[in-house]
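Below you'll find the structure, written out as C-alpha cells, and then a few comments.
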Amino acid sequence: MARLPLVLTASMIAMAALTLPAAHAKSPDAIAAAIADPNRPDADKQRDENRKPAETLAFAGVKPGDRVAELFPGGGYFTRLFSKILGAGGHVYALVPAPSPDAPPDAPDRAARVKAIAADPNYSNVSVVVEPFAQLKPPEPVDLVWTSQNYHDLHNFPGVDVAVFNQLVFEALKPGGIYLVLDHTAEPGSGARDTATLHRIDPETVKKEVLAAGFVFVGGSELLHQADDPHTVKVFDPSIRGKTDQFIFKFRKPKP
C-alpha cells in the first residue's frame, strides 16, 4: 500500500512543540518575538494574517543559533524574521542570483532591498550573497535552505537546470538539514506548465524534482491552503493576490 504524505495542521504543530528537545525549546518564544519586532515595516505586519509566519516558521523548525540560507528573499519579509529568531549566534545568508551577462546596465538590482536590511544594525546577522546560479550557495553549511513563493521561477531563468540547482541546495545543507519549499499551487497534473504565466507550479512536480536530488520527504502542511482558489488565475490578479492556495513541503538531507 502506498504511503500517504504527512500533512500537518497548525494544532498538530503546536502539540508537537510540547515534546521538542531542549535545543528547540526557545523556538516558539523566539518566533513570537521576531513577529513582534517593532522594526518590521507596517506592510509586512499587514501580510501576517495571510502568510501565517508563526505557524509556517514553526513547521520549518527554525531555531535560535541556526544558519539559514534564504533563496531569492525579495523584499525581505522572512529575512527580518529569520534574523531575529536566529539571534547573535545564528546567521542569515540571503542568496540572490547575479544579473545575466547580457542584462542592460540600468536593470533593477534584485538584491537592493535585502542589502538595505543587511546594512541595518537591527539585522546585523544578515549577509547578502550575489552569485551566478551555478555558484549560488552560502559560504558555510547551513541548517535550513528556505524558498518562499519563488521555486517555480527556477523553471523560468534562462540556462538554469533545476536538477543541478537542487543538487547545489543538497550540498549546501548540513547532514540532517532542511529544505523548505513554499509556493503557489497549480492545477494537478500541470507540471511546470504555469510557472511563467500564472506563477504557479504543481506540488507533485516539486516533490519529484527535490527527491531526485537525494532528499527525503518529511511532510507537507496545509497552513496556507485556500480551497476557493481555482488555480487558473495569475497570482498577481487582484481577485486572488495574497489569498492564493499555497503548499509547504519539508525535505531533509539524510545523515550518513
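A few notes on this one:
- Looking across the stretch 64-106, the residues that are farther than 12 Å from L144 by Cβ and basic (K, R) come down to R80, K84.
- Residue match in the stretch 62-83 (condition: modelled with pLDDT of 95 or more, of a type in the set (D, E) and closer than 18 Å to A172 by Cβ): yes
- The residues in the stretch 218-253 that are within 20 Å of L180 (Cα to Cα), β-branched (V, I, T) and assigned to a loop (DSSP other than H, G, I, E, B) can be counted, and the count is 1.
- Leading residue by the ranking (nearest to K84 (Cα to Cα)) among those in the stretch 124-154 that are assigned to a helix (DSSP H, G or I) and at pLDDT 90 or above: Y151
- Scan of the stretch 4-39 for residues that are in a loop (DSSP other than H, G, I, E, B), modelled with pLDDT of 70 or more and open to solvent by 80 Å² or more (accessible area, probe 1.4 Å), ordered by number: P38
- Residue, most open to solvent (accessible area, probe 1.4 Å), within the stretch 96-123, restricted to residues that are more than 21 Å from the chain's Cα centre (by Cα) and under 19 Å from L86 (Cβ atoms): P121
- Only residues that are open to solvent by 10 Å² or more (accessible area, probe 1.4 Å), assigned to a loop (DSSP other than H, G, I, E, B) and either touching a residue at least 60 places away in the same chain (Cβ under 8 Å) or out of contact with any helix residue (DSSP H, G or I) (no Cβ under 6 Å at 6 or more places or on another chain) (or both) were counted across the stretch 160-193, and they come to 6.
- Filtered by the rule that a residue be β-branched (V, I, T), open to solvent by 20 Å² or more (accessible area, probe 1.4 Å) and touching a strand residue (DSSP E or B) at 6+ places or on another chain (Cβ under 7 Å), the stretch 218-256 gives a lone residue, V218.
- Residues that are more than 15 Å from the chain's Cα centre (by Cα) and surrounded by fewer than 22 Cβ atoms within 10 Å (Cβ to Cβ), drawn from the stretch 199-209: H199, E204, T205, K208, E209
- Looking only at residues of the stretch 40-69 that are among the basic types (K, R) and part of a loop (DSSP other than H, G, I, E, B), we find that the one that is least open to solvent (accessible area, probe 1.4 Å) is R40.
The values are calculated or read from the model by the stated rules, or taken from the named source; none is laboratory data. Owing to the predicted nature of the structure, the values given are computational and were not obtained by experimental measurement. Because the Cβ atoms are built from the backbone with ideal geometry, glycine has one as well, and the counts that use them run over all protein chains shown. Just the protein is used for accessible areas: all its heavy atoms, side chains included, with ligands, DNA and RNA removed. Shrake-Rupley method; radii C 1.70, N 1.55, O 1.52, S 1.80 Å.
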